[in-house]
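Student: One structure follows; several queries about it will come next.
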Amino acid sequence: MDKLLIEGPAKLSGIVKISNSKNAYLPILAGVLLSSKRVRLKNLPALRDIRTMVKLLENLGVKSTPDITKANYSFLADNITSLEATYDLVKTMRASVLVLGPLLARYKRAKVSLPGGCAIGTRPIDIHLSCMSKLGAKVQLEGGYVEVSAEKLIGTRIVLPFPSVGATENVMMAAVLAQGETVIENAAMEPEIEDLGNFLIAMGVKIEGLKTSSIKVQGTTVSNLKEVEYEAIPDRIEAGTYLMAALATHSEITIENAIASHLDCVIDTLKNMGAKLEIGKRQIKVFASTLKGVNIDTAPYPGFPTDLQAQLIALATQSNGQSIISEHIFENRFMHVPELNRLGAGIVLKSNAAIIPGNLQLKAAPVMCTDLRASAALAIAALAAHGTTQMQRVYHLDRGYDGLDIKLKNLGVNISRKNDSEE
Ligand code: UD1
């Protein structure tokens with residue numbers, strides 16, 4: 001198992017280039033299953049979750065060909081040999097359930113392992129399943145698997161009880177090969193949903209209402225779908241993480257390949273805290289700033305993203321004055337708090353709120369990564385802390401941050417990766 005050693009307090013300087021979005025590419029990769037024509041995807045981030053999704057597609061019979069850089073892939077789903085996403089893959093990555101909609105729509109049947117519990121809450125898939133039933137599918141649960149089947153899917157109006165990102169994506173993809181029009185109300189509005197929509201449009205699907213909570217998909221047939229080449233949007237969560245890393249260390253850096261409009265709420269929050277930022281075209285410049293505390297609640301897009309809550313808590317330890325950061329999307333998404341407290345953060349948890357005293361001098365300690373964004377928060381705290389922090393179980397970080405150690409090293413941080421077997 002790898003661990004990271006980060007020496008603080010660090011000063012970052014220079015330019016960091018953000019990779020393309022994992023959360024945009026995961027549904028787009030599932031969307032490959034809709035078409036029998038070639039799909040070319042450009043600049044996939046080098047991440048464990050992406051490799052897991054590609055492996056899942058290969059298990060289903062999709063032919064995948066990376067180019068020499070292994071960043072660009074060509075996929076061909078013209079001969080699917082299995083309709084099952086097995087437990088071993090789903091348990092490592094919940095987004096595997098995104099194959100449900102496309103498989104059901106194209107092959108009339110799909111079997112996917114239930115994701116079960118995960119580090120940040122129970123995360124059921126009831127909304128995904130009720131959407132599939134509304135399109136006409138029979139849903140059966142047995143032996144830890146969900147099996148969906150339908151002679152044909154028929155487009156309809158579906159009102160989501162909550163704007164679930166994954167359920168919106170699953171139903172959009174199922175609707176592509178349903179008969180007639182599907183209208184998704186109370187749809188999630190995250191930029192990754194818009195990106196999936198643009199990918200499907202590039203394939204020849206008619207979609208209206210992207211960027212709104214009411215998305216209309218016109219059903220079509222497999223033979224009408226076109227060959228497509230697509231590149232996903234930059235990763236807004238990765239960009240937000242580097243923004244906060246720079247601010248926590250009073251550093252000046254330039255973040256390239258970042259779309260500021262995808263981070264409106266985050267940028268407003270940071271500016272209200274006192275952050276000096278300069279927004280350019282696909283670039284954000286961060287200047288050394290003195291920050292004050294913040295009171296903020298996570299919310300579905302365009303609200304403050306739950307995926308940056310942990311990193312904001314780490315940043316709040318370095319701000320002047322108390323902060324209160326409340327989590328409203330996932331129960332139990334505070335696994336980073338006890339670890340941050342090992343560095344001396346003094347955070348108190350009260351129900352779904354973290355109270356951060358602020359203005360703290362953190363001290364290095366060995367810490368454990370518990371989930372993806374918790375790991376990013378620990379990395380930010382380690383950059384601010386005095387001494388060398390040892391972060392264990394960095395495989396969580398590797399699920400979602402493309403070359404974090406290399407990017408931080410390029411920004412001037414003394415960081416190294418070690419394998420337990422080297423000791
Ligand atoms: C996606 C993102 C994840 C992000 C989350 C919220 C991907 C691959 N992952 O996850 O990084 O943190 O959006 O922005 O894009 N829920 C149900 N029943 C369901 C579905 C969801 O109760 O059928 C609940 C979940 O338990 C959670 C909330 O709804 O409490 C939000 O989940 P959802 O929006 O579906 O998140 P994901 O798509 O899993």
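Student: So which of 377, 365 ends up being assigned by the TED database to the domain that holds residue 389 and in contact with a His (Cβ under 7 Å, 6 or more places away or on another chain)?
Tutor: 377
Student: Let me ask another. How many residues are open to solvent by less than 20 Å² (accessible area, probe 1.4 Å) and either within 11 Å of the ligand (Cβ to nearest atom) or at pLDDT below 95 (or both) when one looks only at the stretch 145-158?
Tutor: The qualifying residues number 1.
Student: Checking residue 81 against (1) within 12 Å of the ligand (Cβ to nearest atom); (2) modelled with pLDDT of 90 or more; (3) not aromatic (Phe, Trp, Tyr), which single condition isn't satisfied?
Tutor: (1)
Student: Take residue 135 and tell me if it is open to solvent by less than 60 Å² (accessible area, probe 1.4 Å), at pLDDT 95 or above and either outside the structural domain of residue 85 (by the TED database) or within 21 Å of residue 53 (Cα to Cα) (or both).
Tutor: The answer is no for residue 135.
Student: Right, next: Count, please, the residues in the stretch 7-43 that happen to be more than 20 Å from residue 105 (Cα to Cα) and away from the ligand (no atom under 14 Å from the Cβ).
Tutor: The qualifying residues number 17.
Results for (1) open to solvent by less than 20 Å² (accessible area, probe 1.4 Å); (2) over 25 Å from the mean Cα position of the chain (by Cα), shown as yes or no for each residue.
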position: 329; (1), (2): no, no
position: 371; (1), (2): yes, no
position: 387; (1), (2): no, yes
position: 406; (1), (2): no, no
position: 414; (1), (2): no, yes
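Student: Considering the stretch 347-369 alone, what residues qualify as being more than 21 Å from residue 415 (Cα to Cα) and in contact (Cβ under 8 Å) with a residue 24 or more places away in the chain?
Tutor: Hits for the stretch 347-369 are 347, 352, 353, 354, 355, 356, 357, 358, 359, 360.
Student: Considering only residues that are farther than 19 Å from residue 225 by Cβ and either surrounded by 21 or more Cβ atoms within 10 Å (Cβ to Cβ) or hydroxyl-bearing (Ser, Thr, Tyr) (or both), which ones fall in the stretch 61-73?
Tutor: Correct list: 65, 69.
Student: Do you know which of the residues in the stretch 194-231 that are acidic (Asp, Glu) and in contact (Cβ under 8 Å) with a residue 60 or more places away in the chain is nearest to residue 169 (Cα to Cα)?
Tutor: Per the stated criteria, the residue is 195.
Every residue, every condition in (1) modelled with pLDDT of 95 or more; (2) farther than 30 Å from residue 397 by Cα; (3) within 13 Å of the ligand (Cβ to nearest atom); (4) among the acidic types (Asp, Glu), yes or no:
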| position | (1), (2), (3), (4) |
| --- | --- |
| 160 | yes, yes, yes, no |
| 183 | yes, yes, no, no |
| 187 | yes, no, yes, no |
| 200 | yes, no, no, no |
| 204 | yes, yes, no, no |
| 232 | yes, no, yes, no |
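Student: Can you name every residue in the stretch 331-353 that is of a type in the set (A, V, I, L, M), over 22 Å from residue 397 (Cα atoms) and open to solvent by 50 Å² or more (accessible area, probe 1.4 Å)?
Tutor: Passing the criteria: 348, 349.
Student: Which pairs have Cβ atoms under 6 Å, sit 6 or more apart or on different chains, and link a residue in the stretch 33-45 that is within 28 Å of residue 18 (Cα to Cα) to one that is part of a loop (DSSP other than H, G, I, E, B) and of a type in the set (Ser, Thr, Tyr)?
Tutor: Final answer for the pair search is 45/19.
Student: Taking into account only those residues within the stretch 307-327 that are in contact (Cβ under 8 Å) with a residue 40 or more places away in the chain and within 16 Å of the ligand (Cβ to nearest atom), which is nearest to the chain's Cα centre (by Cα)?
Tutor: 307
Student: Still on this model: If a residue must be touching a helix residue (DSSP H, G or I) at 6+ places or on another chain (Cβ under 7 Å) and either aliphatic (A, V, I, L, M) or surrounded by 15 or more Cβ atoms within 10 Å (Cβ to Cβ) (or both), how many such residues does the stretch 74-89 contain?
Tutor: Number satisfying all stated conditions: 6.
Student: Check residue 173 against each of (1) touching a Pro at 6+ places or on another chain (Cβ under 8 Å); (2) open to solvent by 20 Å² or more (accessible area, probe 1.4 Å); (3) more than 11 Å from the ligand (Cβ to nearest atom) and name the one condition it does not meet.
Tutor: (2)
Student: Considering only the stretch 56-154, give the helices (runs of 4 or more DSSP H) lying wholly within it that have at least 1 residues that are closer than 29 Å to residue 223 by Cα.
Tutor: It comes to 100-107, 126-134.
Student: Within the stretch 94-116, is there a residue that is more than 23 Å from residue 151 (Cα to Cα), assigned by the TED database to the domain that holds residue 26, surrounded by fewer than 15 Cβ atoms within 10 Å (Cβ to Cβ) and under 23 Å from the mean Cα position of the chain (by Cα)?
Tutor: yes
Student: Quickly run through the stretch 50-60 and pick out the residues that are farther than 15 Å from residue 71 by Cβ and of a type outside the set (A, V, I, L, M).
Tutor: Selection gives 52, 55, 58, 59.
The values are calculated or read from the model by the stated rules, or taken from the named source; none is laboratory data. Bear in mind the structure is a predicted one, so any value in this text is a computation, not a measurement. Please note: Cβ atoms are built from the backbone with ideal geometry, for glycine as well, and neighbour counts cover all protein chains shown. What goes into the accessible areas is simple: the full protein's heavy atoms, side chains included, and nothing from ligands, DNA or RNA. Shrake-Rupley method; radii C 1.70, N 1.55, O 1.52, S 1.80 Å.
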